[in-house]
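A short worksheet on the structure shown next.
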Amino acid sequence: MESIAAKPLPDITDLTRPFWTAAREGRLVMQKCPSCGTVNFHPKPWCIECGDRGLEWTEMQTGGTVYSYTVSHSVAMNHLGWQAELPVIMCLIDIDGGARMYAQVTDVAAEDMQIGMRVKAYFEPISEEAGIPKFRPA
Ligand SMILES: [Zn+2]
């Protein structure tokens, strides 16, 4: 899809690669701490709760609840390949059994968005190596 291809790609590092490659395969993964069980996101070299450096990539459920959201009508986003999708709804989503993550919600009108809305992930390829999780109402 050309609107996707025109967007800037994420800067993939060794730390973040498992997240992007899993999304390319249609899976949502986050780092879970083997010591305290905390799910960490964004990817981190150690647990935000206890400092354990042995975080393990773990497959997450794909359901979640909207914690907060914003609707962008920004002209600036036109320059980043988003024009065809405006207005863009960006959310903070509490993943079931996981952590809070930032993601786009689609397939819903901005005026129908609600905090507490149930959403489910789907995955869009953005390169040969990477995909990105997006969400739509469950
Ligand atoms: Zn921990």
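The values are calculated or read from the model by the stated rules, or taken from the named source; none is laboratory data. Quick caveat, the model's predicted, so the values are computed rather than measured. Here the Cβ positions follow ideal geometry from the backbone for every residue, glycine too, while neighbour counts run over all protein chains shown. These area figures cover heavy atoms from the full protein model, side chains too; ligands, DNA and RNA do not enter into them. Shrake-Rupley method; radii C 1.70, N 1.55, O 1.52, S 1.80 Å.
The conditions of being surrounded by fewer than 19 Cβ atoms within 10 Å (Cβ to Cβ), among the aliphatic types (A, V, I, L, M) and within 15 Å of the ligand (Cβ to nearest atom) are not met by ALA138. Being open to solvent by 40 Å² or more (accessible area, probe 1.4 Å) and modelled with pLDDT of 95 or more is the filter; apply it to the range 72-95 and report the residue that is farthest from PRO10 (Cα to Cα). Among those that are open to solvent by 40 Å² or more (accessible area, probe 1.4 Å) and modelled with pLDDT of 95 or more, it is ASP94. Would it be correct to say that ILE126 is β-branched (Val, Ile, Thr), open to solvent by 50 Å² or more (accessible area, probe 1.4 Å), in contact with a strand residue (DSSP E or B) (Cβ under 8 Å, 6 or more places away or on another chain) and away from the ligand (no atom under 16 Å from the Cβ)? Criteria not met by ILE126.
Would you pick out the residues in the range 42-56 that are within 10 Å of the ligand (Cβ to nearest atom) and in contact with a Ser or Thr (Cβ under 8 Å, 6 or more places away or on another chain)? CYS47, ILE48, GLU49, CYS50, ASP52, GLY54, listed by residue number. Please verify whether the range 59-76 includes one or more residues that are touching a helix residue (DSSP H, G or I) at 6+ places or on another chain (Cβ under 8 Å) and in contact (Cβ under 8 Å) with a residue 60 or more places away in the chain. Within the range 59-76, not a single residue is touching a helix residue (DSSP H, G or I) at 6+ places or on another chain (Cβ under 8 Å) and in contact (Cβ under 8 Å) with a residue 60 or more places away in the chain. In the range 24-37, the count of residues that are within 16 Å of the ligand (Cβ to nearest atom), of a type in the set (Val, Ile, Thr), touching a residue at least 12 places away in the same chain (Cβ under 8 Å) and surrounded by 12 or more Cβ atoms within 10 Å (Cβ to Cβ) is zero. Any residue at all in the range 61-71 that's within 24 Å of GLU128 (Cβ to Cβ) and at pLDDT 95 or above? Yes, the range 61-71 contains a residue that is within 24 Å of GLU128 (Cβ to Cβ) and at pLDDT 95 or above.
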